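The values are calculated or read from the model by the stated rules, or taken from the named source; none is laboratory data. None of the values given here were measured: they were computed from a predicted structure. Here Cβ is always computed from backbone atoms with ideal geometry, including for glycine, and neighbour counts include all displayed protein chains. Surface accessibility is based on the protein's heavy atoms, side chains included, excluding ligands, DNA and RNA. Shrake-Rupley method; radii C 1.70, N 1.55, O 1.52, S 1.80 Å.
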Amino acid sequence: MIYRFCRAVLRALYKLLFRLEVTGLEHIPQEGGVLLCSNHLTLLDPPTIGIMVKRKVHFMAKQELFQIFGFGWLITQLGAFPVKRGGVSKESIKTALTLLRSGHVMGIFPEGRRVKNGEGGGIGKKGAATFALRSDAAVIPVAIVGNYKLFHKMKVAYGPPVDLSEFKDKGVPDAAEKATEKIMAAITALKEL
């Protein structure tokens, strides 16, 4: 209930304030595990890639946010779960895989940090690919194009699923790295459309 209400409010605000234009929503499967893999510009990106999706989108968020009175409760209701920064968080990995294997949608930023338009980027970390390979979730590349200036157009493009089947054989050397490169290439191609 809270998720739907916040999503409706944010949809209206984003369309008004950022003239949000969205393409490719038809690429997102209506059921089964889905991993939305996006470039990462600002703290506004999680709602940007999630508010137009019909299904609830879950995100990892730094653990410190859950310790803020009231805010931690709110982001939990909105589908966020904590991750420890600066190290491997077994609990967050387990939560992510459980969500994906249970048929939920999760958003992730493979670069692992915010990279502004024009600053290069395009190099992803292995986390998103590892989640995809271990969960068999559909991988949907997402590109956010724009700079969040008020009343300037922002665009979010969802691409067709990235086929990672060639990397699922346990004998493929550097499977996660190669899958990451393929995911990042799909995101970059969407940004250039």
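Just to check your reading of the model, which residue among 83, 88 is open to solvent by 80 Å² or more (accessible area, probe 1.4 Å) and either modelled with pLDDT of 95 or more or not aromatic (Phe, Trp, Tyr) (or both)? Don't jump to the end; show me each part of the working.
On the way: 83 fails: open to solvent by 80 Å² or more (accessible area, probe 1.4 Å).
Answer to the selection: 88.
For the list (1) within 24 Å of residue 135 (Cα to Cα); (2) in contact (Cβ under 8 Å) with a residue 60 or more places away in the chain; (3) surrounded by fewer than 19 Cβ atoms within 10 Å (Cβ to Cβ), I need the number of the one condition that residue 187 fails. Exception for residue 187: condition (3).
Number of residues in segment 139-171 that are farther than 13 Å from residue 50 by Cα, modelled with pLDDT of 95 or more and among the β-branched types (Val, Ile, Thr) equals 2. Of the set (1) at pLDDT 95 or above; (2) over 14 Å from residue 156 (Cα atoms), all apply to residue 25 but (2). The set of residues in segment 91-107 that are crowded, with 17+ Cβ neighbours inside 10 Å and touching a Ser or Thr at 6+ places or on another chain (Cβ under 7 Å) comprises 97, 100, 107.
Of all the criteria given as (1) assigned to a loop (DSSP other than H, G, I, E, B); (2) hydrophobic (A, V, I, L, M, F, W, C); (3) within 15 Å of residue 28 (Cβ to Cβ), the one not satisfied by residue 150 is (3).
Among the residues of segment 18-36, write down those that are open to solvent by 50 Å² or more (accessible area, probe 1.4 Å) and either under 28 Å from residue 98 (Cα atoms) or hydrophobic (A, V, I, L, M, F, W, C) (or both).
Initially, segment 18-36 is screened for residues open to solvent by 50 Å² or more (accessible area, probe 1.4 Å), giving 19, 21, 23, 25-27, 30-31.
Within segment 18-36, 25, 26, 27, 30, 31 qualify.
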